[in-house]
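This report refers to the structure that appears directly beneath it.
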Amino acid sequence: MAALNAIRYCEPLKMFYERLREKGKSFKVAIVVVMRKLITLLNVMVKTNSCWQEQKTNSERN
């Protein structure tokens, strides 16, 4: 469920998911890859005791 919400509301993970789908990955494969990426990101956040900070894209900066 976290991966589904991530691809809806988290822009970097949404773009990552869309790139996977464009490369021809099936829905289930792309969701599993997003799940693994989300777990990796969360593990790093716990290890470094940091909070989520979404990076702004070039279009948002202008």
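The values are calculated or read from the model by the stated rules, or taken from the named source; none is laboratory data. Computed from a prediction, not measured in an experiment: that's the story for all the values here. Don't worry about glycine lacking a Cβ; one is built from the backbone with ideal geometry, like all the others, and counts go over all protein chains shown. All accessible areas refer to the heavy atoms of the entire protein, side chains included, with ligands and DNA or RNA removed. Shrake-Rupley method; radii C 1.70, N 1.55, O 1.52, S 1.80 Å.
Restricting the first member to the stretch 1-22 and to residues that are open to solvent by 20 Å² or more (accessible area, probe 1.4 Å), and the second to residues that are part of a loop (DSSP other than H, G, I, E, B), the beta-carbon pairs closer than 7 Å and six or more apart or on different chains are Glu11/Glu54; Pro12/Glu54; Pro12/Gln55. For the stretch 1-56, residues that are hydroxyl-bearing (Ser, Thr, Tyr) and outside any helix (DSSP H, G or I) total 2.
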